[in-house]
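Following: one structure in structure tokens, then a few remarks.
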Amino acid sequence: MSDASPTASETLDPEPRSRAKHPVRLERSNGIATILIDNPPVNALSASVRQGIYIALEAAEADPRANAIVLVAAGRTFPAGADITEFGSPPQDPSLPVLCDRIEACPKPVFAALHGTVLGGGLELAMAAHYRIAAAATQLGLPEVKLGILPGAGGTQRAPRLIGVEQALAMIQSGQSLSAADAMDKGLIDALDEDPREAATALALSGMEPRPTSKNRERLKSANADLELLSAAREALPGMGGPQPAMERIIDCLEAAILLPFDVGLTRERDAFLECLASRDSLGLRHVFMAERRAAKFPELETRKAPVLQHVAIVGGGLMGAGIAIACLDAGLAVTVVEEGEAGVTGALDRIGDGVQAAVSKGRISEAQGAQALTRLTLTANMAEIAKADLVIEALPEQAELKERVLGEIGALAKPEAVIATNTSYLDVDALAKASNRPDRFVALHFFAPAQIMRLVEIGVGPGTNPDAVALAHRFAKGLGKVPVRAATTPGFIVNTILAKFRLMADALVEDGASPAQVDTTMRSFGFPLGPYQVLDRSGLEASWEMRKRRGRVEGERYVSIGDKMCELGWTGRKAGQGYYVYNEGSAPVPNADAITLIEELRAAQGITPREVSNREIRDKLLLTMVNEAAKLLEAGVAARPSDIDIAMIHGLGYPERRGGPMFDADQTTVFEIHRRIAALEAKGSSLWKTAPLLAQMASERGKFSDLN
């Protein structure tokens, strides 16, 4: 690649015919060769990017006029990681480990100019450079563990040599990012500058020499102390959760960094990376990563751009309304909360204030941020105040008549372009939309309690909803840091429709002879953070009771009345002091002996002789119920994709993320086998089992749920 002029820009591409499209350029000026990565949106290190960097590096190294090399990226960020879509595909040269080794071995000094989110492979690329200069707002991290893998391009070997074993362990095992200031303090970067490219170029011009390569650096100091640290970390693994294979291999690789030559450590790291990449945990976590991005692609966003959202009004300041308000304040929005009377306003203020203070106490926000957030809050009993809002959310108790009456008021008072939303869990959204007199500007925003913590928001879209309203709802949910999933406006949406059948099956198993605590323990051992009866106690038994009363009993269907009787006795869960468990201040909840007695009495009244129910039966029947009901939702168009259901169940019900969700899990077992098991249960004549037609069709065609994504 000849260069007859002192300043030039070249496209680096092994295939000259596609030069205009190649994402790497080599620019030369004043003795500096600048390798510019331009692969929007996040400059992922795809095969073409790696090839371009490698070719550019060789060209710069061979150029006698280039005394130093600056590695920089266009757009919003330095490479934010590898191209995840390449995982599992045949490798393409150069691999990222080879590229990083090539950069580090360059005889000319290489300066990395960092900005944006320098994550995963992007940070490994930067660590291979001899010097790193970052903008103050840069975030740096090695989040591979969140995909069930570990850094595979030298991250576990270079990080401990730069920042020490203890810091490297914390960074890699948590997957959390560091601010540029923290990275500077720890020695991960060398300088901060608001224009890192200019600063890197200035340093390059100063004549600095390359640093010693990792293989030639001194051995890590305090080896014995570091080995003891890693031994303790290994012993703590069983209680840490997360993808265990990756967590264990991270420790193995850091031990290798202490005990073995650098080249051998790199080989150990690569073997561990490939082992983790093939693990069941990684398959599930990578599915979730892609599924979240797929779920966020609402069809309405193809033709509409959401308007700016600045002010939200929430009608109802109870636990749910207060939680939504806290989430909005955290996101920097102005919030008006409407409650009934002075007592209602005071109660809402207490709940919101307590929530903000809890965020401060847990370190999520500072005292100053908490105080500043409350300055954006208005509490009032005057419904007319909602006229200022771009979005009005009804968050009242789950009573149809109350919601319809208040939504009529909201429809009359909200400004014409405002979007109106309901937070209903089980009611008829289309009827609520009609009550507002603005069905075209009406959506459901189904939050999960506590709303300031739980990540899922189901966005219910009716047949007549204007795409602009959907786009605004989507922007709102994303702005809150939530995971939006689109659903049709069937009562219960995705999660609660599946949850209702899930709970009915759990109740049937209890009525047959299991205990609530056994069901909970079994599902926790599968990976759920809480069992179904713990969740009921936490959220309160009344909502599902009200739903059952509205639905009524269906002739021929099994009905379990345990929860109804408990509500009638006032055993509605944690807030009542007892439900399926008893709650005493200062001690852990214990199974409610009175509830066990009640269950025994109800069994006897129905002539049910309790039998032994195994943990395996509990797990299998509950999981099969989920998949069967989810297949019905797909067929009815309530959910757009199987992967949307996976995301909804992970973030709404706590399905173990490393398993990828119920639909991904079903594919691993095979839909054919799932259908065979459900059909066998249906053949026994229980009303609890009616095979979803879609499931039968897919089984006959040997299909997979992933085919429908």
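The values are calculated or read from the model by the stated rules, or taken from the named source; none is laboratory data. Keep in mind the model is a prediction, meaning the values are calculated, not measured. Cβ sites come from the backbone with ideal geometry, for glycine too, and all protein chains shown count toward neighbours.
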Checklist entry - Could we say that Gly513 is more than 25 Å from the chain's Cα centre (by Cα) and surrounded by fewer than 18 Cβ atoms within 10 Å (Cβ to Cβ) here? => result yes
Item to check | Identity of the residue in the range 440-451, buried (at least 20 other Cβ atoms within 10 Å of the Cβ) and not in a strand (DSSP E or B), that ends up farthest from the chain's Cα centre (by Cα) | outcome: Arg441
Item to check | Leading residue by the ranking (surrounded by the most Cβ atoms within 10 Å (Cβ to Cβ)) among those in the range 235-273 that are touching a residue at least 60 places away in the same chain (Cβ under 8 Å) and charged (D, E, K, R) | outcome: Glu269
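Quickly run through the range 541-557 and pick out the residues that are assigned to a loop (DSSP other than H, G, I, E, B) and within 12 Å of Cys567 (Cβ to Cβ).
Of everything in the range 541-557, just one residue is assigned to a loop (DSSP other than H, G, I, E, B) and within 12 Å of Cys567 (Cβ to Cβ), namely Leu541.
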Checklist outcome for this item: Note on Gly363: of the conditions (1) assigned to a helix (DSSP H, G or I); (2) at pLDDT below 95, unmet is (1)
Item to check | Top-ranked residue of the range 674-701 - restricted to ones that are within 20 Å of Met505 (Cα to Cα) and of a type in the set (D, E, K, R), ranked as surrounded by the most Cβ atoms within 10 Å (Cβ to Cβ) | outcome: Arg677
Item to check | Residues of the range 108-146 satisfying the condition of being touching a Pro at 6+ places or on another chain (Cβ under 8 Å) and either at pLDDT below 95 or on the phi > 0 side of the Ramachandran plot (or both) | outcome: Gly120
Checklist entry - Of the numbered conditions (1) assigned to a helix (DSSP H, G or I); (2) surrounded by fewer than 17 Cβ atoms within 10 Å (Cβ to Cβ); (3) touching a residue at least 12 places away in the same chain (Cβ under 8 Å), Arg293 satisfies every one except a single condition; which is it? => result (3)
Next on the checklist: Among the residues of the range 171-181, are any free of Cβ contacts under 8 Å to residues at least 12 places away in the same chain and part of a helix (DSSP H, G or I)?
Outcome noted: no
Checklist entry - If only one of Ala343, Ala278 is within 30 Å of Pro662 (Cβ to Cβ) and either among the β-branched types (Val, Ile, Thr) or without any contact (Cβ under 8 Å) to a residue 24 or more places away in the chain (or both), which one is it? => result Ala278
Checklist entry - In the range 388-403, is there at least one residue being small (Gly, Ala, Ser), surrounded by fewer than 15 Cβ atoms within 10 Å (Cβ to Cβ) and over 17 Å from Phe447 (Cβ atoms)? => result no
Checklist entry - Taking the stated definitions as given, is Ala59 farther than 23 Å from Gly155 by Cβ, assigned by TED's automatic domain parsing to the domain that holds Leu140, modelled with pLDDT of 95 or more and surrounded by 15 or more Cβ atoms within 10 Å (Cβ to Cβ)? => result yes
Checklist entry - Looking at the range 576-663, what helices (runs of 4 or more DSSP H) fall wholly within it and have at least 2 residues that are more than 18 Å from Ala295 (Cα to Cα) and outside the structural domain of Arg503 (by TED's automatic domain parsing)? => result 615-636
Next on the checklist: Just to check your reading of the model, which residue among Ala358, Ala313 is on the phi < 0 side of the Ramachandran plot, in the same structural domain as Leu396 (by TED's automatic domain parsing) and not in a helix (DSSP H, G or I)?
Outcome noted: Ala313
